[in-house]
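Take a look at the structure set out below.
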Amino acid sequence: MKKLLPIAVSLAALTAMNVSASTLEDVQARGVLKCGVSTGLAGFATPNDAGQWEGLDVDLCRAVAAAVLGDSEKVEYVPLTSKVRFEVLKSGEIDVLSRVTTWTFTRDASLGLNFAGVNYYDGQGFMVPAALGVSSAKDLDGASICIQTGTTTELNLAEYFKLNGMSYEPVPVETSAEGRQNYIAGRCDVYTTDASALAAQRSVFEDPTAHVVLPEIISKEPLGPVVRHGDDQWLDIVKWSHNAMLNAEELNITSKNLDERGANANDPSAQGLLGTNEAKLGAMLGLDKKWAYNIIKQVGNYSESFERNVGKETALKLERGLNALWTNGGIQYAPPLK
Amino acid sequence: MSTTKKYPIGMHPALPPPSGSVGPVRWMRDNLFSSVSNTVLTVMGLYLIYIIVPPFVEWAFIDSVVLGADSRKECLKIMGDDRGACWSFVYKRWGQFVYGFYPVEERWRVNLAFLLVAATVAVVLVERLRANKALMIGALLLPVICFFLITGGLFGLVDIPTNKMGGILLTMIVGLTGIFVSLPISIMLALSRISKLPIFSILATIFIEFIRGVPLITLLFIASTLLSYFLPPGSNFDLLLRVLIMVTLFSAAYIAEVIRGGLAAIPVGQYEAADALGLSYWQSMRLIILPQALKISIPGIVGSFIGLFKDTTLVVIIGLLDPLGIGMAAISTTEWSGLGTELYVFIGMFFFIFCFSMSRYSLHLEKKLHTGH
């Protein structure tokens, strides 16, 4: 509100305004990264009781801030609803959108946006009572399944069961709350929706351990950070902030051992990432050579972020699954730091 | 009992009425059991109250947990088998509900602003204080003082960006600004619309009809997304300010029509009498027409204000965290998820208290200003 005067001035001198040079320079000049997040989604972006934002998406914002500004706390979180997120990004009010946004062809190709990677591979999953003793979706032949009508999950389900030569009995529900009630009341054996949503639902149950989310994911929902078209340097920075966390996990560099690893001259990959040898990775991005060091020191590698926000020790209890590194059977695969 | 005392004819003191025709018995007979159908309705109403109120009181107060729980699970543990409301998240996040993400060490400024607003309301409402000129001038300065107090940037107060403001603070900023700024604008709009000068009346009509023809939510979307396309890149037009402008224009258009209704209700003789007295246009408006028209319009204006105050929750949709947004963020965390009922009851009570107070004040104003004809 205090910006009234500058607004009046800028309105009076519309033509005199020069177009901003680059997002990186803007962010560095401003000293704070503006990051669009969810208005509240367990494990991905929620304010805690003390008002601090937490979550996997929030950690990506913090990583970019650590890389660009050297301080993961220099982030201004802009809570966005799914309706306004792309417009707000395109109008330049935020620098990066990290808000469980599915990477689809249409969004990438027609909205003037670039997806900078995938920080969470989500997809449709199944939840069953642990008492059923089912450990795979392939064992669900003949099951009754609670499913939201009129969604893509309905089509995905039909396709998956047909492909696997199984049959099922659909129990149609209108909302996720209704689905949960029907499932709890035992009107269906299985409840299906997006896997992270299933985990969130399960964490609200009286006894979450009495229910398991099956490992199979039957649709593709790659969620990742988004930036505007037209600033390739910024796209690279966001992309490699995420990749740095993945590569750190692959190299087994954590927020605990990075000083030790960076000092080890026999460890050129770690030293390159941490900026302690001659490789000038940071400079190529237009950043400090400590860019990745700061990310890992302040935010952690991908595994640390994952476990802290959505992993086994949290109420969501999500498996790494698809989000495990490619070396561990997942599909999180960062290009090499060469 | 036989009467022993004799009275002269016509001097007998009045006897008390029969017990069935006074007091609560009479009232109930008149109002609750006057016919068979009314009796049935009364019994049904009592039954409804019986099945709704005691369980609600038990849920909300007796079996509820406020202190000592850090998550919904702990709430459930404390409650045991008697399931009541878990208000702990409201208690734990009270700071967020009131101030949003306003820095903790600066919250005294918001408290001071709230206090000033309350004091001003008292000054404006109590007639004896209103007579005091100095106090009234202070009241007029209030918006300026509150503005600098909350946003900072003057007298060494730290600058607080508007995106840190949320919760009740945000509702108050949007609601009160909308209410107080829109009133003068709406009077101007109403006068323009009935003006004999076509340029005024056409412009006012276009503006009013445009705003009234578009839902508030659309205006908020325009404020949040479309406006930034028209502005030069890099210029940062504060989101809250954009929302305030839109909310004010929206409410001004509606109230203008209410006031126009009031103006139309003034007999034409009043206008002619004012002219005959040789009063200028502004004099006649200020002294004769507007005082009467505004008095007639009070219920409509307050109705619009109440609507506006409740509409402030719509800002959730463009990502501003008012109390409802703060609450939804709270119940989406793993600690507090599943507490939807508690949240909506709490928010409902909050808005009810404010809106009900406004409507009572409007009744009081109507009674006080009622001069009768």
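For the stretch A:127-137, filtering for residues that are within 18 Å of A:THR153 (Cα to Cα) and modelled with pLDDT of 90 or more leaves 2. Beta carbons closer than 7 Å, at least 6 apart along the sequence or on distinct chains, pair a first residue in the stretch B:60-71 that is farther than 14 Å from B:PHE346 by Cβ with a second that is assigned to a helix (DSSP H, G or I) and among the aromatic types (Phe, Trp, Tyr) for B:LEU67/B:TYR91. Among the candidates B:ASN132, B:ASN163, single out the residue that is away from chain A (no Cβ under 12 Å) and either without any contact (Cβ under 8 Å) to a residue 40 or more places away in the chain or closer than 22 Å to B:GLY100 by Cα (or both). Checking each option against the conditions leaves just B:ASN132.
Scanning the stretch A:63-82 for residues that are surrounded by fewer than 19 Cβ atoms within 10 Å (Cβ to Cβ) and outside any loop (DSSP other than H, G, I, E, B) turns up just one, A:GLU76.
Return yes when B:GLU74 is within 30 Å of B:LEU321 (Cα to Cα) and touching a strand residue (DSSP E or B) at 6+ places or on another chain (Cβ under 9 Å) and no when it is not. So B:GLU74 fits the description; yes. If I ask for residues that are in a helix (DSSP H, G or I) and in contact with a helix residue (DSSP H, G or I) (Cβ under 7 Å, 6 or more places away or on another chain), which ones from the stretch A:46-61 would you list? Of everything in the stretch A:46-61, those that are in a helix (DSSP H, G or I) and in contact with a helix residue (DSSP H, G or I) (Cβ under 7 Å, 6 or more places away or on another chain) turn out to be A:LEU56, A:ASP59, A:LEU60. Hey, any hits in the stretch A:83-90 for a residue that's surrounded by fewer than 19 Cβ atoms within 10 Å (Cβ to Cβ), more than 9 Å from chain B (Cβ to nearest Cβ), under 25 Å from B:GLY100 (Cα atoms) and at pLDDT below 90? Checking the stretch A:83-90: not a single residue is surrounded by fewer than 19 Cβ atoms within 10 Å (Cβ to Cβ), more than 9 Å from chain B (Cβ to nearest Cβ), under 25 Å from B:GLY100 (Cα atoms) and at pLDDT below 90. For the stretch A:119-146, the set of residues classified as farther than 19 Å from A:GLU216 by Cβ and surrounded by fewer than 23 Cβ atoms within 10 Å (Cβ to Cβ) consists of A:ALA131 only. Across the stretch B:1-48, the number of residues qualifying as under 45 Å from the mean Cα position of the chain (by Cα) and either assigned to a helix (DSSP H, G or I) or surrounded by 10 or more Cβ atoms within 10 Å (Cβ to Cβ) (or both) comes to 29. Give me the residue from the stretch A:30-62 that is without any contact (Cβ under 8 Å) to a residue 40 or more places away in the chain and within 8 Å of chain B (Cβ to nearest Cβ) and, out of that set, surrounded by the fewest Cβ atoms within 10 Å (Cβ to Cβ). Filtering first and then ranking leaves A:ASN48.
One residue stands out among those in the stretch B:140-160 that are within 7 Å of chain A (Cβ to nearest Cβ) and either exposed (fewer than 14 other Cβ atoms within 10 Å of the Cβ) or assigned to a helix (DSSP H, G or I) (or both): the one that is farthest from the chain's Cα centre (by Cα), which is B:ASP159.
Is it true that A:ASN164 is over 20 Å from A:LYS220 (Cα atoms) and either assigned by TED's automatic domain parsing to the domain that holds A:PHE44 or surrounded by fewer than 21 Cβ atoms within 10 Å (Cβ to Cβ) (or both)?
No: the conditions fail for A:ASN164.
Residue count for the stretch B:74-127, restricted to those that are loosely packed, with under 14 Cβ neighbours inside 10 Å and among the small types (Gly, Ala, Ser): 3.
Scanning the stretch B:304-321 turns up at least one residue that is under 30 Å from B:ARG93 (Cα atoms), within 14 Å of another protein chain (Cβ to nearest Cβ) and of a type outside the set (A, V, I, L, M). If the condition is being more than 13 Å from A:GLN233 (Cβ to Cβ) and not hydrophobic (A, V, I, L, M, F, W, C), then the stretch A:283-297 contributes A:ASP288, A:LYS289, A:LYS290, A:TYR293, A:ASN294, A:LYS297. The set of residues from the stretch A:177-224 being within 14 Å of chain B (Cβ to nearest Cβ), of a type outside the set (A, V, I, L, M) and surrounded by 17 or more Cβ atoms within 10 Å (Cβ to Cβ) comprises A:ARG180, A:SER196, A:GLN201, A:ARG202, A:SER203, A:PRO208.
A residue that is part of a helix (DSSP H, G or I) and either without any contact (Cβ under 8 Å) to a residue 12 or more places away in the chain or exposed (fewer than 13 other Cβ atoms within 10 Å of the Cβ) (or both) can be found somewhere in the stretch B:259-266.
For the stretch A:10-38, filtering for residues that are within 16 Å of A:GLU93 (Cα to Cα), aliphatic (A, V, I, L, M) and either in a helix (DSSP H, G or I) or at pLDDT 85 or above (or both) leaves 6.
The values are calculated or read from the model by the stated rules, or taken from the named source; none is laboratory data. In this text, all values refer to a predicted model and were calculated from it rather than measured experimentally. All Cβ positions, even for glycine, are placed from backbone atoms using ideal geometry, and neighbour counts span all protein chains on display.
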